[in-house]
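Peer 1: Let me give you the structure first, and then I'll get to my questions.
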Amino acid sequence: MAKDKDKAPEEQPDRQEQVFLREVDEAVREDQLKSFAARYGLVIVAAIVIGLGSLAGWIFWQNSQNEDSGLRSEEYVAAIDSVRQNNLDGAATALESLMEADQDGYRAAAQLLQANIALEKNDPEKAIAGYAKVAADTSLPKPFRDLALIRQTATEFDTLKPQTVVDRLKSLAVPGNPWFGSAGEMVALSYLNMKKSDLAGPLFAQLAKDDSVPATIRSRALQMAGVEGIDAVELDDDEVKATPLNAGAAKGEAKE
């Protein structure tokens, strides 16, 4: 016989009551779920939509950045190719879209190249203005600004007061600085123009002994050091360092 039939008659109502309570509990849970969905469903859906939208926006931004960088690269390469082919007008045109690019590197490189083109086209005023713009733009990386300052000063060197050159470049005219060669040579020449050979000679000697300085500058510096009575070939590194730029500057200031 079935187990239900084996049970005592008084146990069967209890079982029926348990089934009834379970059905009621399920109905209550279903009603609570519907109530929760009605109250917070839109919020949850909105949050999901916003999250997916943000993710899609970020992916789109990343792709657009990559695409934009690729485009900028192609434009800059086109400008370089035009310069190599001596098509300066074509290069200048190719650079126009890069002059205000969002990427600092491309913007600085384009502005510097545009100034170089102006110099090649015998327009020093435009070139100087271009270099000065880069040098003064603090939003650009310092190496670009330092290079622009070097190029600006070299372009207008003959028209500047020697003290102006020293003031501009003295911080770059020190051993270990990437621009020591170019900046140091101009500062040393400016010292000569200021009749401060006691400052120029040691600086020329430093330039001549520094292996990081371009060979052409070292060769000129060696000759100029000799003119000032310093044999940079015979001096060892310690002897050259014993007459640093700053020490010489202090001596010159004391004489004044």
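The values are calculated or read from the model by the stated rules, or taken from the named source; none is laboratory data. Keep in mind that this is a model prediction, so the values were computed, not measured. All Cβ positions, even for glycine, are placed from backbone atoms using ideal geometry, and neighbour counts span all protein chains on display. Please note that ligands, DNA and RNA were not included when accessible areas were found on the heavy atoms of the full protein model with its side chains. Shrake-Rupley method; radii C 1.70, N 1.55, O 1.52, S 1.80 Å.
Peer 1: Fully extended, how many nm does the chain gain between residue 121 and residue 216 (0.36 nm per residue separation, minus their Cα-Cα distance)?
Peer 2: Computed gain between residue 121 and residue 216 is 31.7 nm.
Peer 1: With every protein chain left in place, what is the accessible area of residue 227 in Å² (1.4 Å probe, nearest 10)?
Peer 2: 110 Å²
Peer 1: Over the heavy atoms of residue 126, what accessible area does a 1.4 Å probe trace out, to the nearest 10 Å²?
Peer 2: The accessible area of residue 126 comes to roughly 120 Å².
Peer 1: Here's something else I'd like to know. May I ask you to list the trypsin sites (Lys or Arg not before Pro) in region 135-211 that are in a DSSP loop and have at most 16 other Cβ atoms within 10 Å of their Cβ?
Peer 2: Those that pass, being in a loop and sparsely packed, are 170, 195.
Peer 1: Rolling a 1.4 angstrom probe over the protein heavy atoms, how many square angstrom per residue are accessible across region 112-224?
Peer 2: That works out to 48 Å² per residue.
Peer 1: Based on the alpha carbon coordinates of region 116-176, what radius of gyration and maximum Cα-Cα distance (Dmax) apply, in Å?
Peer 2: 11.8, 34
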